[in-house]
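Asker: This is the structure, below, for whatever I ask next.
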2 protein chains.
Amino acid sequence: MIAIGEAARQSGVGIETIRYYEREGIVPRPARAANNRRLYSAQDVGRLRFLKRCRDLGFSLGDAKALLDLSEGGAADCAEVSALAKGHMDSVRRKIAELQRLEAALGELTANCAEGSVDCPMLGRLRMA
Amino acid sequence: MIAIGEAARQSGVGIETIRYYEREGIVPRPARAANNRRLYSAQDVGRLRFLKRCRDLGFSLGDAKALLDLSEGGAADCAEVSALAKGHMDSVRRKIAELQRLEAALGELTANCAEGSVDCPMLGRLRMA
DNA sequence: GCTTGATCCTGTAGTGGCTACAGGATTTAT
DNA sequence: ATAAATCCTGTAGCCACTACAGGATCAAGC
């Protein structure tokens with residue numbers, strides 16, 4: 001059993017974030033030492049690492065918790081998992097498309113905006129009626 | 001001079017958002033009618049539309065305000081504008097790259113996760129030590 | 001035993017950029 | 001006269017943390 005700082009080091013999840021996850025009920029309350037300090041087991045650290053991986057993959061905290069629950073609950077239902085993952089992939093793809101649209105629009109907008117023009121063409125276009 | 005609802009309609013910025021912009025000092029305080037209701041000029045609506053365009057292009061509210069200030073302040077300094085825009089484009093490109101990395105990682109993770117496997121391979125990989 | 005510094009605790013507030021009320025006043029249309 | 005729309009101020013909620021304040025405890029060195 002290790003203290004919260006060590007759990008943070010081993011899992012990659014920040015100390016304050018670990019306490020936040022506990023407050024929010026994302027992870028169960030850990031054991032406590034006689035001095036009231038939190039004590040984490042290897043399984044606790046595993047949960048935190050799992051959550052970290054999900055968050056790094058862009059899953060919302062809610063989805064990450066859902067995946068964690070699926071992972072803990074005996075029958076790891078592949079269908080539910082892949083539904084969540086597919087939904088997330090769709091939203092990632094939508095975001096990519098949106099950003100590419102933005103990139104193109106910004107490119108157009110700044111195209112004539114290099115020389116020290118007195119009346120900046122980009123501002124002009126942003127002002128357009 | 002029009003009321004806030006009409007200004008919202010003409011600019012595409014929501015009523016609550018307009019009041020928020022005012023509170024935050026993004027736009028100047030508008031005129032007031034005798035009954036204390038806000039009154040917007042065509043120029044006010046132009047500012048709101050300008051901000052809306054910037055936000056739609058993904059600029060932060062701070063950057064949007066900076067662009068608005070540049071646009072208002074006589075000498076529309078093209079260099080400053082294009083520096084802001086280029087910085088933003090860079091961050092958009094970084095976000096795209098990051099999301100594409102995510103998309104690939106998600107694709108790999110879910111690759112074997114279609115059949116009704118008892119031990120979902122995606123969860124297994126998320127659990128990996 | 002004493003000091004120093006690291007670590008831990010609880011609780012609260014701030015971030016960005018809105019959005020959604022509550023609770024009331026006024027205006028406009030019927 | 002009444003109903004519905006619009007407006008006002010002020011506050012709280014959203015996401016997922018992050019950053020304190022103010023204190024308690026612990027470990028290491030002297």
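Asker: Between B:A42 and the same site in the other copies, what are the distances in nm, shortest first, taking label points 7 Å from Cα along the C-beta direction?
Answerer: 7.5
Asker: Taking N as the number of residues in chain B, what is its Cα Rg relative to 2.2 N^0.38 Å?
Answerer: Its radius of gyration relative to the 2.2 N^0.38 Å reference: 1.65.
Asker: While we're here: What dipole magnitude, in Debye to the nearest 20, does the protein assembly as shown give about its Cα centre under +1 on Lys/Arg Cβ and -1 on Asp/Glu Cβ?
Answerer: 680 debye
Asker: Here's another thing I want to ask about it. Where does each of A:M122, A:M128, A:M1 land when they are ranked from fewest to most other beta-carbon atoms within 10 angstrom?
Answerer: Ordered by Cβ neighbours within 10 Å, fewest first: A:M128, A:M1, A:M122.
Asker: Enumerate the lysines that B:K95 could reach by cross-link, defined here as Cα to Cα under 18 Å, with residues fewer than 8 away along the same chain left out.
Answerer: A:K95, B:K86
Asker: Points 7 angstrom from Cα along the Cβ direction at B:D119 and B:R93: gap in nanometres?
Answerer: Each label point is offset 7 Å from its Cα along the Cβ direction, giving 4.5 nm.
Asker: Another one. With no other cysteine's Cβ closer than 4.7 Å, which Cys residues of the protein assembly as shown count as lacking a disulfide-compatible partner?
Answerer: Here A:C54, A:C113, B:C54, B:C113 come out as lacking a disulfide-compatible partner, given the Cβ-Cβ threshold of under 4.7 Å.
Asker: Sort shortest first the distances from A:E98 to its counterpart in every other copy, using label points 7 Å along the Cα-to-beta-carbon line, and give them in nm.
Answerer: Label-point separations across copies, in nm and ascending: 1.4.
Asker: Above 29 Å lies some portion of the pair distances; for the protein assembly as shown, what is it as a whole percent of all C-alpha pairs?
Answerer: Across the protein assembly as shown, Cα pairs with separations above 29 Å total 54 percent.
Asker: Select the chain A residue whose beta carbon lies nearest to the rotation axis carrying chain A onto chain B, and write the distance in whole Å.
Answerer: Nearest Cβ to that rotation axis, in whole Å: A:I96, 3.
Asker: Counting other Cβ atoms within 10 Å of each Cβ, which trypsin sites (Lys or Arg not before Pro) in region A:1-96 have at most 12 and sit in a DSSP loop?
Answerer: The qualifying sites are A:R37.
Asker: Follow-up. I want to verify a result. In a Gaussian network model of chain B, Cα cutoff 10 Å, which of these has the top mean-square fluctuation: B:L57, B:L106, B:L67?
Answerer: Comparing B:L57, B:L106, B:L67 in a Gaussian network model of chain B, the most mobile one is B:L106.
Asker: Counting other C-beta atoms within 10 Å, and keeping those with at most 15, which DSSP coil chymotrypsin sites (Phe, Trp or Tyr not before Pro) do you find in region A:7-82?
Answerer: Passing both the DSSP loop test and the Cβ count: no residue.
Coordinate-derived values only; no laboratory data. The shown structure was predicted, so the numbers you read here are calculated from the model rather than taken from an experiment. So basically every Cβ, Gly included, is an ideal-geometry build from the backbone, and we count neighbours across all protein chains shown.
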